[in-house]
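J.: Sharing a structure here in structure tokens format.
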Amino acid sequence: MGETTLGKPGRPGEVALSFDPGRIADDAHLRFIGRLRSPWSQGNCPKNLREAREVGGTFRAEIDLPFRPGLLGLVPGQAVILLYWTGQARRDMIVLNLAHRDGPTGVFALRSPARPNPVAMGVVRLLEMDRAAGVLEFDALDAFDGTSLLDIKPWLSSVDVPPPQG
């Protein structure tokens, strides 16, 4: 059995922090700009966007009124980066032992939602947008229905693709 995690046993090789990062009061203050809508809930959510695209469904974001002017310049068809808060995830895990890996792996080498700051990132295609209503439709989401949205950024091939190694 792995180390205990705030009273919860972990998998062999997993390591938990001795504190809960979510309980530190002097951290940055974030404001959610809206929420994600998907068919997913606990137990049926795809592990990643590739799986979500394969299954299909209706995927959208609902942007809160004060933030809707920030949608100006987004156009259907473009790729965007969504940053969202997976607040139901454990925040005390620092090393995980996932079934699809060959052994324990640090959370910074994984995209697991279990991490000190449960911020998830998805690169999705914007399919439709009603800017006035603050509704954006995407090709996929791998987040529970109602997940809080932190930010939207354009994906830019001239900036977001690293140069070749060597």
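Values quoted throughout were computed directly from the atomic coordinates according to the rules given, and no laboratory measurement underlies them. Not measured: the values here are computed from a predicted model. No Cβ is skipped: glycine too gets one built from the backbone with ideal geometry, and neighbour counts run over all protein chains shown.
J.: Which residues does the label zone of residue 30 cover in region 114-131, counting backbone N under 14 Å from a point 7 Å along Cα→Cβ?
T.: The answer is 114-122, whose backbone nitrogens lie closer than 14 Å to the label point.
J.: If each DSSP helix of 4+ residues adds -39,500 (n - 2.57) and the sum is divided by the residues in the chain, what number results at 222 nm, nearest 500 deg cm²/dmol?
T.: -1500 deg cm²/dmol
J.: Further question on the same structure: Please state the Cα pair-distance histogram of region 32-157 with 5 angstrom bins from zero: what percent is in each bin?
T.: All Cα pairs, binned at 5 Å, distribute as 2, 11, 20, 23, 19, 13, 8, 3, 1, 0 percent.
J.: Work out, step by step, the length gained on full extension between residue 47 and residue 117: first 0.36 nm times the residue separation, then minus their alpha carbon distance; give nm to one decimal.
T.: Fully extending the segment from residue 47 to residue 117 adds 23.4 nm.
J.: If you build the convex hull over the alpha carbons only and average its shadow over all orientations, what do you get for region 63-130? Give it in nm² to one decimal.
T.: Hull-based average projected area comes out at 6.3 nm².
J.: In whole Å, how far is the Cα centre of region 24-75 from that of region 90-166?
T.: When both Cα centres are located, 10 Å separates them.
J.: Below 8 Å, C-alpha to C-alpha, sequence gap of six or more: please give me the relative contact order for the chain in percent.
T.: For the chain, the relative contact order is 33 percent.
J.: To continue, here is another question. Hey, what do the phi angles of region 93-100 turn into as Karplus ³J(HN,Hα) couplings, whole Hz, using 6.51/-1.76/1.60 and θ = phi - 60°, x for Gly and Pro?
T.: 7, 10, 10, 10, 10, 8, 4, 8
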